[in-house]
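Below is one structure; the comments refer to it alone.
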Amino acid sequence: MNYLDFEKPLAEIEGKAEELRAMARGNKEMDIEEEAKALDKKAADMLADLYKSLTPWRKCQVARHPDRPHCRDYIQALFTEYTPLAGDRNFADDHAIMGGLARFNDRPVVVIGHEKGHDTKTRIERNFGMARPEGYRKAVRLMDLADRFNMPVITLVDTPGAYPGKGAEERGQSEAIARSTEKCLQIGVPLVSVVIGEGGSGGAVAFATADKVAMLEHSIYSVISPEGCASILWKDGAKMREAAEALRLTAQDLEKLGVCDRIIKEPLGGAQRDRATTITRVGEGIEALLATMDGKSRDELIAGRRKKFLDMGSKGLAA
Amino acid sequence: MNWITNYVRPRINSLFSRREVPENLWSKCPECGTMLFHRELSDNLNVCTGCDHHMPLTPRARFEALFDGGVFSEVQVPVPVPDPLHFRDQKKYPDRMKAAQKGTGEFEAMLVAEGEIDRTRIVAAAQDFTFMGGSMGMYVGNAIIAAAERAVERQLPLVLFSAAGGARMQEGILSLMQMPRTTVAVQMLKEAGLPYVVVLTHPTTGGVTASYAMLGDVQIAEPNALICFAGPRVIEQTIRETLPEGFQRSEYLLDHGMLDRVTHRKDMKDELVTILRMLTGQPPAVKGDLPAPEPEAETSAPEASEEEAADKNG
């Protein structure tokens, strides 16, 4: 279990309870169960208290928690017959982006998502979920495929942002993102997007220009990272707490602004504490959102999606 | 948070720098350091006469030079809810806006106009880098949508001059949402079969490049403009190596296949007319120093007609 900085007191109590139980296992005569249970209770209360109202910055930390389920986990658990399709047909296959054909509740779909990796080796392989132009071009290709064969598209968003690298720029990072966003607006099939962790700027929009956008309770979606915003507007990267507050990047604020259509509740203590429940709930969320588009024609879908974005933000936080 | 560094020093500095370069008479070229007389510079469309460096040009100055006789009619842009997030960093967003409005004399970071260039009717939109870095918020999004709607309504091509540091952080996620919104605007043009030409000027970066500024039917850039998604400093911090000379500049992008053309500001009007008339199936333009077109009902009064600086060779 990885603990976040604000969970340190909790880590101590949970650690103590664990220690006691370990001691008791070594020595059968010791009766520690009562004491351990008291510690458990204390820990549970503290957890409930900590997660009752997370500040925006703490939500950023939870959204980036390394133990949260990632794209790969959702694909494994929620989809059957997942058949990855690789490559952009121009230059490379981007491992930061997973994608391919699969069945969602038996229905053939195209699933696309950012994968961050879960240990050092896979994180490097996945480039920490930061896609290069090839990733967006692969996504465009897959969305085209979905469009031609009338399959809904499901995107799972979890990226710090598009990769800021020399090669990525030379091969047209901005153009690739722009084309992916454009493709999202052109396809005549349902497009559901779930922000499962971090929705980092243009790298997220390229997949999240969807009919319906769901967000996990403690996920974030922002034009810039709080650290980046702090270093530009506060001239001090350490002011990320203030920046996180000002940017209104939580699922709750984004629902008020009309950017997020549905919040998927996380288990107490965040998705990382109960991955299975989180994944199940995301599955239910996707199913419910897909159902809202049943029976809609291609033209209705395209026109509806465009209208949604044209109207977005017209009321600000008062919406 | 020291009042000496924050308040006193800038004031002292501003006094000295003002004395060094009398603001209204001379400008120094940031590229070659040549002192340029302001009249000479503006007659040359803010291009350095010494080294051809293209300095920022406000949308109004650009339109005055671009449209025949300097005449154009502004297209009204729906004004969005001000300060939608109640954003506050070290300053309040409304205060930053007021300062920018005072500093530029403009309402926001984009100007949309309709008019004729060499008797070819177009809609043009230009971003103002001097207004909060040209940043893209709800207003800029509305401006591009208004420009596209006007173009579709009148069946005219749209020319867009981009210049921006990226999205306007003070509008948070709503600034990010301008990426899909402006993409919808571009789609309106494409579906109506109307040309959409983008002229990228220095600098065009971030979410602006990653949406409407890279979706043109024809992509032209002014020389040596910085055009990128992630800025060079961010990249250097990420990969920890120095970047090659000219990286992310117009000519570099042209070499890497990201642009159609790199065109000097003085030749831009001719080139736009040539391209647009071909794309819209019109006969070749009669090029020259054309006077203002016959005034229409909504055309604004002609500006004091200065000699057009653009080099005419039609």
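Give the residue, chosen from B:Tyr196, B:Tyr252, that is open to solvent by less than 50 Å² (accessible area, probe 1.4 Å) and more than 28 Å from A:Phe309 (Cα to Cα).
Numbers: B:Tyr196 fails: more than 28 Å from A:Phe309 (Cα to Cα).
Result: B:Tyr252 is the single residue among B:Tyr196, B:Tyr252 that is open to solvent by less than 50 Å² (accessible area, probe 1.4 Å) and more than 28 Å from A:Phe309 (Cα to Cα).
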Could you tell me which numbered condition B:Ala148 fails, if it satisfies all but one of (1) within 14 Å of chain A (Cβ to nearest Cβ); (2) under 15 Å from the mean Cα position of the chain (by Cα); (3) under 23 Å from B:Leu272 (Cα atoms)?
(2)
Only one of A:Leu185, A:Leu233 is open to solvent by 10 Å² or more (accessible area, probe 1.4 Å) and within 8 Å of chain B (Cβ to nearest Cβ); which?
A:Leu233
Looking across the range A:82-110 at residues that are of a type in the set (A, V, I, L, M) and closer than 20 Å to A:Ala162 by Cβ, the single one that is most open to solvent (accessible area, probe 1.4 Å) is A:Ala86
Scope the range A:97-115; condition touching a strand residue (DSSP E or B) at 6+ places or on another chain (Cβ under 6 Å) and either closer than 19 Å to A:Ala214 by Cβ or of a type in the set (Gly, Ala, Ser) (or both); matching residues
A:Met98, A:Gly99, A:Gly100, A:Ala102, A:Phe104, A:Val109, A:Val110, A:Val111, A:Ile112, A:Gly113, A:His114, A:Glu115
Quick one: is A:Asp45 surrounded by fewer than 16 Cβ atoms within 10 Å (Cβ to Cβ) and at negative phi?
yes
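Where in the range A:45-149 are there helices (runs of 4 or more DSSP H), lying wholly inside it, with at least 2 residues that are within 30 Å of A:Gln252 (Cα to Cα) and of a type in the set (Lys, Arg)? It would help to see each step written out before you state the result.
Details: elements: A:56-63, A:71-78, A:120-125, A:133-148.
Where helices (runs of 4 or more DSSP H) fall fully within the range A:45-149 and carry at least 2 residues being within 30 Å of A:Gln252 (Cα to Cα) and of a type in the set (Lys, Arg), they are A:56-63.
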With the structure loaded, tell me whether A:Ser225 is within 30 Å of B:Leu259 (Cα to Cα), open to solvent by 10 Å² or more (accessible area, probe 1.4 Å) and more than 9 Å from chain B (Cβ to nearest Cβ) or whether it fails that test.
yes
B:Glu153 being open to solvent by 10 Å² or more (accessible area, probe 1.4 Å) and touching a residue at least 40 places away in the same chain (Cβ under 8 Å):
no
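For (1) buried (at least 22 other Cβ atoms within 10 Å of the Cβ); (2) of a type in the set (D, E, K, R); (3) at the interface with another protein chain (Cβ under 7 Å from one of its Cβ atoms), each residue gets a yes or a no:
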residue: B:Val159; (1), (2), (3): yes, no, no
residue: B:Ala164; (1), (2), (3): yes, no, no
residue: B:Arg168; (1), (2), (3): yes, yes, no
residue: B:Met177; (1), (2), (3): yes, no, yes
residue: B:Thr183; (1), (2), (3): yes, no, yes
residue: B:Ala192; (1), (2), (3): no, no, no
residue: B:Met214; (1), (2), (3): yes, no, yes
residue: B:Asn224; (1), (2), (3): no, no, no
How many residues does the range B:34-92 hold that are closer than 30 Å to B:Gly172 by Cβ and more than 14 Å from every other protein chain (Cβ to nearest Cβ)?
9
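Give the number of residues within the range A:273-313 that are of a type outside the set (A, V, I, L, M, F, W, C), more than 18 Å from the chain's Cα centre (by Cα) and surrounded by fewer than 16 Cβ atoms within 10 Å (Cβ to Cβ).
10
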Some residue of the range A:144-152 being within 24 Å of A:Arg281 (Cβ to Cβ) and not basic (Lys, Arg)
yes
Confirm whether A:Glu169 is within 26 Å of B:Arg233 (Cβ to Cβ), crowded, with 24+ Cβ neighbours inside 10 Å and acidic (Asp, Glu).
yes
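The values are calculated or read from the model by the stated rules, or taken from the named source; none is laboratory data. Everything numeric here is computed off the predicted structure, so don't read it as measured data. Please note: Cβ atoms are built from the backbone with ideal geometry, for glycine as well, and neighbour counts cover all protein chains shown. Just the protein is used for accessible areas: all its heavy atoms, side chains included, with ligands, DNA and RNA removed. Shrake-Rupley method; radii C 1.70, N 1.55, O 1.52, S 1.80 Å.
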